[in-house]
Amino acid sequence: GHLMHVAQPEQVSNGIVLAVVVMQLLVMAFAFWIGHIRGWSLATFGSRVSWKGTGAGVLLFIVTTAVVLSCIILTNIIAPGARSHADTGVRVSGLTLPFLLLFSIVNPIYEEVIGTGYFFHSLQRYGMLPAVLASAFFRTFLHSYKGLDAVIMVLPIGLVFGFFYWRWRQLWPLVVAHVIIDIWTLFAVAAA
């Protein structure tokens, strides 16, 4: 039972969203400053916005959801009752629509620019596997407050996103898929 510990649900409110968004914008500003010194830009990471990329992002969301659901099912086969696909580990407390949308736009941009674009650009000389794994483990670390759920749900997302990014080197589809994941998750828990 101790090994199957699930972290306490994350409480999400307007105040918490605002604090997280401000922190993420500050970290991105710092990262852009470092990138500027190194001669990087968002174009370096493949940030082209397009309808084709948006469609690819929707397909990436579907593939990622199937992979995560498969991981949940596999976890429950190995340890019955360990994880429910309906439990997101998030609880909403007074979150309003504007703050939900603000978070669902800034957070995906932050995580994909820093956790994917920056990591891949810095580590690409070591090859695909180190770049994908470093990015996926960093993403999992960012969500480690979720306990075992970070490994069951976030690590697979990081791996799928990492392999996709390595192949096509475009952040926009990852941002689109991540926006859908965030909106879906927050609306689902707000409605519960």
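The values are calculated or read from the model by the stated rules, or taken from the named source; none is laboratory data. Being a predicted model, the structure only gives us computed values, none of them experimental. We place every Cβ from the backbone using ideal geometry, glycine too, and count neighbours over all the protein chains shown. To get the accessible areas, we keep the full protein, side chains included, count just its heavy atoms, and leave off ligands, DNA and RNA. Shrake-Rupley method; radii C 1.70, N 1.55, O 1.52, S 1.80 Å.
If you go through segment 1-18 one residue at a time, how many are at pLDDT 90 or above and either open to solvent by 60 Å² or more (accessible area, probe 1.4 Å) or hydroxyl-bearing (S, T, Y) (or both)?
Within segment 1-18, residues that are at pLDDT 90 or above and either open to solvent by 60 Å² or more (accessible area, probe 1.4 Å) or hydroxyl-bearing (S, T, Y) (or both) number 2.
Based on this model, can you work out whether S84 counts as closer than 21 Å to L26 by Cβ, modelled with pLDDT under 95, among the hydroxyl-bearing types (S, T, Y) and surrounded by fewer than 19 Cβ atoms within 10 Å (Cβ to Cβ)? Can you show your working first?
Values: closer than 21 Å to L26 by Cβ: no; modelled with pLDDT under 95: yes; among the hydroxyl-bearing types (S, T, Y): yes; surrounded by fewer than 19 Cβ atoms within 10 Å (Cβ to Cβ): yes.
No, not satisfied.
Of all residues in segment 97-130, which are within 18 Å of R167 (Cβ to Cβ) and without any contact (Cβ under 8 Å) to a residue 40 or more places away in the chain?
Result: F119, L123, Q124, R125, Y126, G127, M128, L129, P130.
Kindly provide the set of residues from segment 48-65 that are touching a residue at least 40 places away in the same chain (Cβ under 8 Å) and more than 30 Å from I152 (Cβ to Cβ), ordered by number.
R48, V49, S50
Within segment 103-122, which residues are modelled with pLDDT under 95 and aliphatic (A, V, I, L, M)?
V113, I114
What about G147, is it surrounded by fewer than 20 Cβ atoms within 10 Å (Cβ to Cβ), over 10 Å from the mean Cα position of the chain (by Cα), at positive phi and at pLDDT 95 or above? Talk me through it step by step, then tell me what you get.
Numbers: surrounded by fewer than 20 Cβ atoms within 10 Å (Cβ to Cβ): yes; over 10 Å from the mean Cα position of the chain (by Cα): yes; at positive phi: yes; at pLDDT 95 or above: no.
Criteria not met by G147.
Considering only segment 49-56, I want to know if a residue exists there that is among the aliphatic types (A, V, I, L, M) and open to solvent by less than 70 Å² (accessible area, probe 1.4 Å).
Checking segment 49-56: at least one residue is among the aliphatic types (A, V, I, L, M) and open to solvent by less than 70 Å² (accessible area, probe 1.4 Å).
Give the residues of segment 93-117 that are closer than 19 Å to V176 by Cβ, open to solvent by less than 60 Å² (accessible area, probe 1.4 Å) and not β-branched (V, I, T), sorted by residue number.
L100, F103, S104, N107, P108, Y110, E111, E112, G115, G117
Please work out if V189 is over 13 Å from the mean Cα position of the chain (by Cα), open to solvent by less than 30 Å² (accessible area, probe 1.4 Å) and over 19 Å from W51 (Cα atoms).
yes
Does T140 qualify as being open to solvent by 10 Å² or more (accessible area, probe 1.4 Å) and either within 20 Å of V179 (Cα to Cα) or not small (G, A, S) (or both)?
yes
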